[in-house]
Every structure is written in structure tokens, then in C-alpha cells.
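A.B. asks: This is the structure I have questions about; it appears just below.
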Amino acid sequence: MRFSGIILALTLISILTPAFNVQIVKAESVSHQLILYTSTRDGVIRVFLNGSKQILEHVRSGYSLEILGNRIYMNQYPGYISVYTTEGVFLKNINIPSSVSYFITFVVLPDERIALLDNENDKVYFIDSLGNFITKVDILEAPDNHLQNLDGIVINNKLIISEDGNKHIIQIDLMTYKKTIFKDMSKIPEVWLGAITYSNGYYYVCGPSSIYKFSENGDVSKIAEIPDYNIVGIVVVDDYAYVSVNFGGKIYKVDLRSGISEVLTSNLNYPLDLEAQILSETLPPTLTLFEPQISGLTVTINGVATPGYEGASITGIAPHCFHWDWGDGNSEDHCFPATHTYSSAGTYTITVTAYQSDGLSTTKTLSVKVEAENKPPTAYIDSISPNPAYEGQTISFSGHGYDPDGKIAECDWRADGRVLSSSCSFSTSLPPGKYTIYFRVKDDKGAWSKWVTETLEVKAKQKEEIPKEGAEKLSELARGKSAFFRSLAEFIDKKTDPRKYLDQFASDLRNLGEFLGKPPENVEEASKKALKDFLLKIIDPNGVIDTADALGKISTVTAYAFMESADVNFWYVIWTNEPLKSDLKAVAEEMNKAADLYDEEANCWEGITKGKCDIDHLKNILNREKDQLIKLKATVNEKIENILSVFRNPSPEVVLNDYKKVVEGDVLKYELPSPPYPCETVEISIEQVPKPAKNFWEFWITDPSYEIEIYPYYYYYPSSFQCQKDEKPLTSRPGACLVNRSLTYNTKSIFGSSMSVTWSVKDLYPLGTFEYDVLGLVIRVKDFGGDNTFTFWTDEGIKEAQIAVKMVYKSSGKYIQLYSFGAQQLENLRSNLITILDKYLDTINNTLTKL
């Protein structure tokens, strides 16, 4: 409240008597018994409609009061609100939370929330029935010093407050707590607005001496004025208003139709506010259940029951006051407090019934959820690694928990009070120092374990200058790795005859292995020591030496394997097969990318000693190298697996039937595709289909003198590099020999409905590889009388013959062995490459750690 003018005089009185704010409960009908309650210096006074008065014993008077049902709420500012029955029986105290800075008047909502009205700071605080803070609503954007006297009522789930200091009646939605202006009364010529109530569709609000009436959407009208000053409370029942006046010590009865007022009672010792209780002749008892107290499976409930009207009584006699149905099949009669233990966890509905002497009863229900007493979990630290660690190094933390009656829901890692993570396993880095690491776990019921601890030491990183000799050696090492990748990439991506390249490739690989095997002998002792010291501090020397040894040995073994003549054929099959060649080309491309990065690393090592490169840039290169090697590993696994799928379990023969047939006059042509892998023999069968009706295979033609010619056309690669006398070299394919033969058969000596011919590739295995782009197979029938069809005699006469051709590519056991050997070579190549790549990745990780 703000004071100015005449209100300053009221302040002096307020020093001795509580403030004069008011709360009102709606009265419905004068046909029921109406009792008015007001808080005075002499205590809480009951005032009856005949003007008689009665002090309510055992009820301590307070600054303001509220009535809800058969309960009186009394503001004992600043600490708590006391709750009594309307007969004066104490029920409980509701403590006011410390976040509430000030209030005098308050409103008890139907669901027992309480709105505390602060007219000093222009705020409304909401608490629950246990005194827990819910929220705060500002009446004004910023507090001012305008005069106001707050009062409130609840209508349609909205809290209506008498004034915001600017004579605006405001409303607060009790679901959303949103504040809006309800009625603008700023033009009313009053010093302030205070007491407010509602009856039969109309609102009544008071100034210091006047009563105003309005509907929600209607105009405001002044309907009465009393001959006294400082109205602090109002109750409206039908056509009459009852108002209390603080300084006059009176309660007036005002006829709202005529505006005439009369004194109902006087000689009250400073009445502070006015409340009403309307009693029916036969109200049932009031039953209030307090918040249940739950411990494991045991529930304890307290409460209070009061008669519904004077003269009535609760019929239960201790200890059997009320009837309890515990919701689990058990029931009993028992007074407050009542305790029950359930046999198992679950949610139960408890029903309590209070009986009154007139036979009326009141039943209340509440739901409780009980759980077996939770057993706390136990935490375990699995590992903290590395320990000790170095500055900038990634440290991995791993822990777990065990919960005997549930599961682990959360972990908590801390280092000397600093929160590290809520995950059970994680990685991070820490500044140099010694730490006590704390770890605990929480179960799915919210219980935490005890802390477990472990000591961790993080050492400061010693910065070392990189010796020139060490940088040069590491540059050479990077160059060697680049050379390895480029050499292997060039080999697997070659498009010419591999036999011309194998010797040089093997030599390169051997030289590379020797180059990487150990440092040059002419390095001086001081340089050796500097190099050794540097390698110990920057890179694990075993990682470097093992990598070099493995590279040299693997490369040499691989080169010797490639020099086997059978392997030459094998690799050539890959190089002349476009899909397989594409897979290897993808591997080669990734190898070249890795080589580029190793060249970049070598340049940086050389530049470090000259001030042209720094550690940060070197780290960037190494990280990109690591990413590329990981990508290269994936490519090697994927692409070589694609190739292996072709060479695993090769078939000894491939049969092609009538692949592409073209009839041109008396010439029958077949164009057949390349076989999927090398073969030794090509067998062709020519047969008349369908067969003659009678079961014999002889056939005749009109001119018995005829020839069938077969023209095979193919080329191959002899390992001797020499073509046979009936072959000629192919200029478009160096090293290949073209075969163009005519195999002629005279049918005068051949009888039957089918014939076959077989030819073999000369000097093939292990000295050559059969291959062709398109095999031209021409079957020509000569001297056939010019017909454009093949016409043969059968015992049924002249018919048009149909010729079917079957072509079989056959491979001997040697070629099957070639494929098995080739597949194993690919497996070895993949395994060796992955070994090298893993070594290189280890070296990069060690280097990054030490840098």
C-alpha cells in the first residue's frame, strides 16, 4: 500500500492495529444462516444478522482472514497463515516462503492455492496448500506510489483484483497466470478502490465511503454511500450489502435498491475485514486430507473433519473415527492419522469417509504411488588412461555402476570439484597438475552412489627444439613413404605389358626397403645421438624402425611375387578387364593422394629448420595424412574385395549358346564376347535342330559336294614375344599375335546331323594369355546352289534346316591354379597394404602426441 494525504494518519493507527485489507467469500441466499466474521484487536468476532456478536475462542486474530468452506485462514504476517475450523479448532500453519517480500491481504482459491496480494511492491505471489512457491505476477510493470488497497475474489477461474494503483480492476487467469485489465474505473472520483465482491451477475467495489456496481460488459454506477469513512470489507447477499468500517468500528447494512444504510452492529475494536459463512440447515461434514507421508511401502495420512453445521457432530468414536478403504482389498475404521503398509509397489486409490450425526457423510479420495525402498547403486572406476598423462594429451575415462534393484541412469565425473562429464565413458584433456578424480553413478530412481576416487597426474609438455639431423631424417622417411605409394600406384595402374615393368619395379622396391632400413653409416656420432634423442622425444623409435623394416620386407616379397610368370598372366587379366581395372585405378588414385601429403610433410620437415614451416602446420599435415590413410584403408578393402569376388572359385569352362547370330545369304556368322578369364581351348559344336523325325542323324543336301568353313579370329600374348608362322603381330597391341585361320571340313567323308571342331591356343600356359575383343566365327556352306537358306534332305523331304552353335571355353587345372594363386596374391597384397597403413597411422599418432 502507498500512503499520502489523509492516509498518513491511518499509518499511525496501523502501528497499533493490523492493516485494513479485506477478503470476501460469496454468499448465495439469505434463506440460509449467514454469519459474518471480522478480525479485530479483541480477536475474531462472529456477527449474526440480528446484530449480536460472539468472540471465537482459541483463534488468534491476524491482519486479514479468509473463509473457505468450514475453514478460517488467518494471516499471521510475516511468518505463516494459520488454519482453523469455523468452530475455532486449530488445524495447521502454512509457512510463507522467503521469496515473498510482503503481503497483507490474500485469497484462498477453490483448489487451496493461495494468492498473496502485495500492494507495496505491486505483485501477486502464488503458493500451494503446503506453502511451496509457484509463481509471481506483476500488477504493474514498475511499482509506483499511488494509493491502493488490494482485495480479490475468484470468478470463472480468474482472480479479480480490486485495483492496480491506477483504478484499473485487473484479472489473472488461474491456468496461465496471464494478467489483463478487467475494468477501467480511472474516471471514478475516488482516492482509492478497495473491497470487492460479486453476487448474481454483478460486481461491487468500494471506495473509502462509496459502493459501485457494474457488470462485466456494462457501465459503472454509484449505488450507495455510507455516513462513515474507510470501508474495509463488503459482503452482498441478495439486495443487501454488509460493509465494515475500520475507524468507526461498525458494520453497516445497506439496501442496494434505495442506497439507504443502517448500522448492523457497532463498538467493534477496529474491524480489519469482513468475511461471511453461509450455513445450510443440513450441510454434510467437511473432510480435509493432508498430504500423505510415504516411506517405502508404508503410507501415513492425517487430516481433519468438522460437522457441517452447529448442532451436528462426527459420529465416529476413537479409535474408529473414519472408514478407510486402502485400495488393495483392505479396509478399516480409524482416526487421524492412519497408517497402512502395502504388500507390493504400485499406485493405489485411497477412499476415506466421515459420517455425521444426522446420517450425512462426506467421502474423499486420493491416489498414492508406493515403491519398495530403493537400494543405492555402487560406482566403479574402470580405467583412466594414460596416467600419468602429458599436457595436451587425450585422456580416456571409463567407469560403470551396479544397481541391485534397477539400472544406472547417469554418471558423474569430477576433478577437484570441476564437473568433467555425465557420461560413463568419455575423453578429454586437462592442464598440467595432480588431480583427485571423483566418480559416482545414479540409478533410475534418483539415488546416487558414494563417490569413488583415483589420482591422476598430468605432466607439463617439455618443448624441444627439433635437431636439424632429426628433421632431415624424418623428411627422408616421408619421401620414402611417398615413393612407395607412387611406385605401387604406378604399377597397379599400368596399361601396358607388365612384364616390361616388373624388373624395374622390383628394383625400386628393394632400393626403397634398403633406403628405409637404417640410417646412413656416415652420420657422425653427435648427429646420431641428436637423432636418437629427438626420436625418443618426438616419435617412438620402434615405430619408425619397425615401419621401415616392414616396408622393405613386404615390398621386396611383393615384387618377387609379381615376377612369377603365372602372376604376370594374372595381372594382365586385371589390366585388360575394364571393371577390374577401374577398381585398381581407384586404389591408385588414393595412393597418389597419400603420396602428395607425404611430400608435403617432407617439405615441412625441411622447412622447420629454416623457419619456413612451423609445428602447427606440421600437425595440420599429419592430421590430413591420417584422414587420407583411413580413407585409403577403406578403399583397399572395398576395391580388392571387388576383384577377389571375380577370381574366387573359377569355373573350368564357360558355355555360350547362340550368343549373337547373323544370317547373310549362305553365310552364318556368330559374334561372341570375351570370356571372363583366360582359357586354353575353344570348342565349337554345330548341330541341326530340331533333329529329324526319324531317329537317325544322317542328312543330305541337293548338291552332295559341299564344304563347311570355320573362320576363327582372335589374338593372344605369347611370353616368347614371337608370333607363329601363320600368325601376325598386332601393331595396335604391342606383343600380341593375331590368329586368322580357316578350318575347312569336306563333308564327303562326314555323315550325320551334327559336327564339331576344336582349336587350341598355341604356346598358351604358362607362356601366354588368350584374349580377344570380338571373336569372329564364320560358318560358310559352299556350292549350295545359291539358296539363302540351309536346306537339307531328310526322310520326310526337303526342309529348311536350323543350325545351332554351342561354343565352350575350357580351362585346364593349370589355369584354375592360376586363378587360385592370383586370388591369394590379392589377399596378400591387401593384408600387406593394411599392415603398412596401420604402421603409418601409429607413427602419425605418436608424432602428434609428442608434438
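A.B. asks: Take the residues of the stretch 328-345 that are of a type outside the set (D, E, K, R) and in a strand (DSSP E or B): which is farthest from the chain's Cα centre (by Cα)? Before you say what the answer is, go through the steps one by one.
C.D. replies: Initially, the stretch 328-345 is screened for residues of a type outside the set (D, E, K, R), giving 329-331, 334-345.
Then drop every residue that is not in a strand (DSSP E or B), which leaves 331, 334, 338-341.
On the way: SER331: 48, HIS334: 52, ALA338: 46, THR339: 44, HIS340: 43, THR341: 41 Å.
For the stretch 328-345, the residue satisfying everything is HIS334.
A.B. asks: Yes or no: the stretch 620-627 includes at least one residue that is not hydrophobic (A, V, I, L, M, F, W, C) and not in a helix (DSSP H, G or I).
C.D. replies: Checked the stretch 620-627: no residue is not hydrophobic (A, V, I, L, M, F, W, C) and not in a helix (DSSP H, G or I).
A.B. asks: In the stretch 368-472, which strands (runs of 3 or more DSSP E) lie fully inside it and hold 2 or more residues that are not polar (S, T, N, Q)?
C.D. replies: 378-385, 395-402, 408-415, 418-421, 433-443, 452-459
A.B. asks: Counting only residues that are in a loop (DSSP other than H, G, I, E, B) and either touching a Leu at 6+ places or on another chain (Cβ under 8 Å) or without any contact (Cβ under 8 Å) to a residue 24 or more places away in the chain (or both), how many does the stretch 231-246 have?
C.D. replies: 2
A.B. asks: Pull up the stretch 406-461, narrow it to residues that are of a type in the set (A, V, I, L, M) and free of Cβ contacts under 8 Å to residues at least 40 places away in the same chain, then point me to the one that is surrounded by the fewest Cβ atoms within 10 Å (Cβ to Cβ).
C.D. replies: Restricting to residues being of a type in the set (A, V, I, L, M) and free of Cβ contacts under 8 Å to residues at least 40 places away in the same chain, the top hit is VAL419.
A.B. asks: If a residue has to be surrounded by 15 or more Cβ atoms within 10 Å (Cβ to Cβ), within 26 Å of the chain's Cα centre (by Cα) and among the hydroxyl-bearing types (Ser, Thr, Tyr) to count, how many in the stretch 381-395 make the cut?
C.D. replies: 0
A.B. asks: Only one of VAL25, VAL108 is touching a strand residue (DSSP E or B) at 6+ places or on another chain (Cβ under 9 Å), modelled with pLDDT of 85 or more and surrounded by 14 or more Cβ atoms within 10 Å (Cβ to Cβ); which?
C.D. replies: On the way: VAL25 fails: modelled with pLDDT of 85 or more.
Just a single option satisfies the conditions, and that option is VAL108.
A.B. asks: Which residues, taken from the stretch 48-89, are assigned to a loop (DSSP other than H, G, I, E, B), within 19 Å of GLY131 (Cα to Cα) and either polar (S, T, N, Q) or more than 56 Å from the chain's Cα centre (by Cα) (or both)? Walk me through how you get there before you give the answer.
C.D. replies: We begin by selecting, within the stretch 48-89, every residue assigned to a loop (DSSP other than H, G, I, E, B); these are 49-52, 56-64, 69-70, 77-79, 86-89.
Now drop any that are not within 19 Å of GLY131 (Cα to Cα), which leaves 62-64, 77-79.
Answer for the stretch 48-89, where residues must be assigned to a loop (DSSP other than H, G, I, E, B), within 19 Å of GLY131 (Cα to Cα) and either polar (S, T, N, Q) or more than 56 Å from the chain's Cα centre (by Cα) (or both): just SER64.
A.B. asks: Strands (runs of 3 or more DSSP E) wholly in the stretch 104-208 with at least 3 residues that are closer than 21 Å to ARG71 by Cβ - which ones?
C.D. replies: 105-108, 114-118, 123-127, 152-155
The values are calculated or read from the model by the stated rules, or taken from the named source; none is laboratory data. Everything numeric here is computed off the predicted structure, so don't read it as measured data. FYI the Cβ positions are ideal-geometry reconstructions off the backbone, even for glycines, and counts take in every protein chain you see.
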